[in-house]
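Chemist: Quick one: this structure, given as structure tokens, is what I'll be asking you about.
The values are calculated or read from the model by the stated rules, or taken from the named source; none is laboratory data. All values reported here derive from a predicted model rather than from experimental measurement. No Cβ is skipped: glycine too gets one built from the backbone with ideal geometry, and neighbour counts run over all protein chains shown. Areas reflect the complete protein model, heavy atoms only, side chains present, ligands, DNA and RNA absent. Shrake-Rupley method; radii C 1.70, N 1.55, O 1.52, S 1.80 Å.
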Amino acid sequence: MSGRALLPVAAGGLAVLGAAALVAAVTIPPSNGAAPSPSTSSGPRSTPSAPARTPAPVPTATVHAAHLPLPERADADWVARTARAAGVPPRALAAYAGAALAVADTHPTCGLGWNTLAAIGEVESAHGTLQGGAVGADGRVQPRVVGVPLDGSPGVAAIRDTDGGVLDGDTAWDRAVGPMQFLPGTWAEHAQDGDRDGASDVDDLDDAALAAAVYLCDAGGDLTDPAGWIAAVHAYNPSAEYNARVAGAAERLAALP
């Protein structure tokens, strides 16, 4: 994940996700094809200011139930207004807001705000629009967002293929996949069904946003606490630069009227 990706690379004693999968600091290549710079920091040097940690509220739809697909959980008028103000595709914002509402039910002590999820989506894939992509009405991002091969070349980790290329299309090396940039192994362990269609699809922003939300809550515990917020984002990508970018975006979104 991290413009970026969930990678199994140890950094600063970061805890392991299941059998393997730490989150690494590897980016999707910029549109000019330049190689990303490696992250050398073990974590953020400063505490993000309050708006990043305080969950921005989401008005719920008239009917609010756990079985609803994510995009139906947030108030539609709020989504439309906020998407315009934030410059976020409405369909993407509906996924982030719905995921925040969903984990408020399943992880009531987490305090994850939609603004933090949207900030990660912005940094990871520009809300699925990276390199000309778009989020469809069904939440799927086309064309697919697939990261660079993690082959140990400058700026990237060396992660041998773990899924026979099923998720990322690469049978030699793993790649981060989808709008929230999951590694195949991490997705296999943490996949969610955000749109309640009976399947988990890494390219579907509803599913990916909910997986990211659950992952952040599990990693950070109480995200209204500075240490918890930093731990969660650090788990997503152990880079001070990444943490600062997410914090900056989350603060900007939380400050919207």
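Chemist: I'd like the full set of residues that are surrounded by fewer than 24 Cβ atoms within 10 Å (Cβ to Cβ) and in a loop (DSSP other than H, G, I, E, B), limited to segment 111-132.
Modeler: GLY111, ALA126, THR129
Chemist: Name the single residue that is modelled with the lowest pLDDT among those in segment 94-130 being more than 18 Å from PRO69 (Cβ to Cβ) and among the charged types (D, E, K, R).
Modeler: The extreme case among them is GLU124.
Chemist: Also, quick follow-up: Taking the residues in segment 166-219 that are among the hydroxyl-bearing types (Ser, Thr, Tyr) and open to solvent by less than 40 Å² (accessible area, probe 1.4 Å) as candidates, determine which candidate is nearest to the chain's Cα centre (by Cα). Show your work before the answer.
Modeler: Keep residues of segment 166-219 that are among the hydroxyl-bearing types (Ser, Thr, Tyr), which gives 171, 186, 200, 215.
Checking the rest, the ones that are also open to solvent by less than 40 Å² (accessible area, probe 1.4 Å) come to 186, 215.
Working: THR186: 12, TYR215: 9 Å.
Among those that are among the hydroxyl-bearing types (Ser, Thr, Tyr) and open to solvent by less than 40 Å² (accessible area, probe 1.4 Å), it is TYR215.
Chemist: Related question: Report every pair of residues separated by at least 6 positions or lying on different chains whose Cβ atoms are under 7 Å apart, first residue within segment 159-170 and modelled with pLDDT of 95 or more, second among the polar types (S, T, N, Q).
Modeler: ASP161/THR171; GLY164/THR171; GLY165/THR171
Chemist: Residues GLY194, GLY165: which one is in a loop (DSSP other than H, G, I, E, B) and out of contact with any helix residue (DSSP H, G or I) (no Cβ under 7 Å at 6 or more places or on another chain)? First the steps, then the outcome.
Modeler: Working: GLY194 fails: out of contact with any helix residue (DSSP H, G or I) (no Cβ under 7 Å at 6 or more places or on another chain).
None of the others qualify; the one that does is GLY165.
Chemist: Please go through (1) part of a helix (DSSP H, G or I); (2) of a type in the set (A, V, I, L, M); (3) open to solvent by 10 Å² or more (accessible area, probe 1.4 Å) for LEU68 and return the number of the only condition it doesn't satisfy.
Modeler: Unmet condition: (1).
Chemist: I would also like to ask the following. Going through segment 168-191 one residue at a time, which ones are assigned to a loop (DSSP other than H, G, I, E, B) and of a type in the set (D, E, K, R)? Write out each step before concluding.
Modeler: The first filter runs over segment 168-191 and keeps only residues assigned to a loop (DSSP other than H, G, I, E, B), leaving 168-172, 174-176, 178-181, 183, 191.
Scanning segment 168-191 gives ASP168, ASP170, ASP174, ARG175.
Chemist: Between ASP207, ASP201, which is touching a residue at least 24 places away in the same chain (Cβ under 8 Å) and in a loop (DSSP other than H, G, I, E, B)? Working first, answer last.
Modeler: On the way: ASP207 fails: in a loop (DSSP other than H, G, I, E, B).
Being touching a residue at least 24 places away in the same chain (Cβ under 8 Å) and in a loop (DSSP other than H, G, I, E, B) holds for just one of ASP207, ASP201, which is ASP201.
Chemist: Next question, about the same structure. Within segment 221-257, which residues are under 17 Å from ALA118 (Cα atoms) and of a type in the set (Ser, Thr, Tyr)?
Modeler: Matches in segment 221-257: THR224, TYR236, TYR242.
Chemist: Give me the pairs: first residue in segment 237-250 and under 16 Å from VAL88 (Cα atoms), second residue modelled with pLDDT under 90, beta-carbon distance under 7 Å, and six or more apart or on different chains, which are they?
Modeler: ALA250/PRO51; ALA250/ALA52
Chemist: To continue, here is another question. Identify all residues within segment 220-244 that are part of a helix (DSSP H, G or I) and under 13 Å from the mean Cα position of the chain (by Cα); write none if there are none.
Modeler: ALA232, VAL233, HIS234, ALA235, TYR236, TYR242, ASN243 - these are the residues of segment 220-244 that are part of a helix (DSSP H, G or I) and under 13 Å from the mean Cα position of the chain (by Cα).
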